[in-house]
Amino acid sequence: MGYQGVKFRTEVIGREVPQSPRIKELKYWCRKFSSQGFAPVYEGGSYGNLSFRLQESKDQFIITASGIDLGEELSDDCFVKVEDCDLKKGVVYASGEREPSSESILHFVIYHERKDVNVIFHGHSKNILEQANELGIPQTSKEEPCGPNELVRRVFYDKAFLIMKNHGFISLGRTMREAGEWLKPYSVDGGRGFLTG
């Protein structure tokens, strides 16, 4: 699995580091993700991205920046605020000191289409992908490009945890804890203490 790179152009509308008390909780989940192997490390970063919606029913969100190792001690400038996206032009409007995650458009579309979702955890786990069939985890029938509204309406419209075939998993929740609950059975300790330490 090679890093595919950013699939859009970023228009920076501010260099301010995002501010939210929930960034501290997101840092916890970034470390948890990394320690459980849900975001394997590659040279220059991790295969995975996490975000949370900033305001109920709005599409703005804070997401991990591109090219960071989720297992490191992250500073606030490792997060980016996505203000809006122009899907036709492939532009992400963001503020922060870094580039937003390469999957920012996917996160934006899910938030836009699923007003019940406030948190998105996207990772890559060989273990989860290999067990998807026997565990009955919903998955796309074929590899599909990320981003289009149609894909989200068709695939993500009523699911909270699913596999994007040959790509990775998506875990959705109203809270970070809820999104994390879906991953508990796949943790290295079999779920013991997964949500507490």
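Each reported figure results from applying straightforward, stated rules to the coordinates on display, with no laboratory input. These numbers were taken from a predicted model, which means no experiment stands behind them. Neighbour counts are summed over all protein chains in view; Cβ atoms, including those assigned to glycine, are modelled from backbone coordinates with ideal geometry.
Some values worked out for this structure:
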| quantity | calculated |
| --- | --- |
| Glu56-Ile13 FRET efficiency (beta carbon distance; Förster radius 30 Å; 0.05 resolution) | 0.85 |
| Label-to-label distance, nm, for residues given as Glu43 and Asp76 (7 Å Cα→Cβ offset) | 3.4 |
| Residue-span extension gain [Glu134 to Glu178] - 0.36 nm each, minus C-alpha spacing | 13.5 nm |
| Distance histogram for segment 9-186 (every C-alpha pair counted, 5 angstrom bins, percent rounded to whole numbers) | 1, 9, 19, 23, 23, 16, 8, 2, 0, 0 |
| Within straight-line cross-link reach of Lys88, aspartates and glutamates at Cα separation under 17 Å, skipping those fewer than 8 residues along the same chain | Glu11, Asp59, Glu103, Glu113, Glu150 |
| Contour excess over end-to-end distance, with Cα ends at Tyr157 and Lys24 and 0.36 nm allotted per residue | 45.0 nm |
| Test item: Cα-centred dipole of segment 1-143, Lys/Arg +1 and Asp/Glu -1 on Cβ, debye | 220 |
| Options Leu87, Ala179, Leu106, ranked by Cα towards positive dipole end of segment 9-186, top entry (Cβ charges) | Ala179 |
| Overall form of segment 1-95 per C-alpha gyration tensor (a/c, 1.5; a/b vs b/c) | oblate |
